[in-house]
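Following: one structure in structure tokens, then a few remarks.
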Amino acid sequence: MNMRDELFAKWVGAMKGVKFPVLTVDEVFAGLPKGSDSNISVGGLVVCNTGDLFSRFIKPTDFPIESAEALATLILDRAGL
């Protein structure tokens with residue numbers, strides 16, 4: 001599995017508590033176990049912090065976001081992965 005696929009799977013899994021569609025980033029944070037303090041790890045290394053990631057790659061005009069898959073794809077595309 002390449003890094004994009006692994007990150008995609010981790011993101012979608014981490015967002016299982018988020019009720020989509022979402023209208024704001026705060027709605028996503030509310031469904032994450034640690035909110036904006038959540039981290040995504042690959043191979044035991046922390047790759048990114050959710051709050052930092054959203055501030056870099058998600059814009060208010062991106063909402064509504066319909067699914068965890070759509071959100072993960074948006075972030076990964078903008079990150080160039």
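All of the numbers you see were taken from the coordinates with simple rules; none came from a lab. None of the values given here were measured: they were computed from a predicted structure. Counting neighbours? That spans all protein chains shown, and the Cβs are built from the backbone with ideal geometry, glycine included.
Here is a check on your reading of the model: is L45 farther than 21 Å from E66 by Cα and loosely packed, with under 15 Cβ neighbours inside 10 Å?
In short, yes.
Filtering the range 10-26 to residues that are surrounded by fewer than 18 Cβ atoms within 10 Å (Cβ to Cβ), out of contact with any strand residue (DSSP E or B) (no Cβ under 9 Å at 6 or more places or on another chain) and within 18 Å of F57 (Cα to Cα) leaves V12, T24, D26. The C-beta contact set for the range 34-51 (first residue within 13 Å of E6 (Cα to Cα), second residue acidic (D, E) and surrounded by 14 or more Cβ atoms within 10 Å (Cβ to Cβ), distance under 7 angstrom, 6+ apart or interchain) comprises V42/E6.
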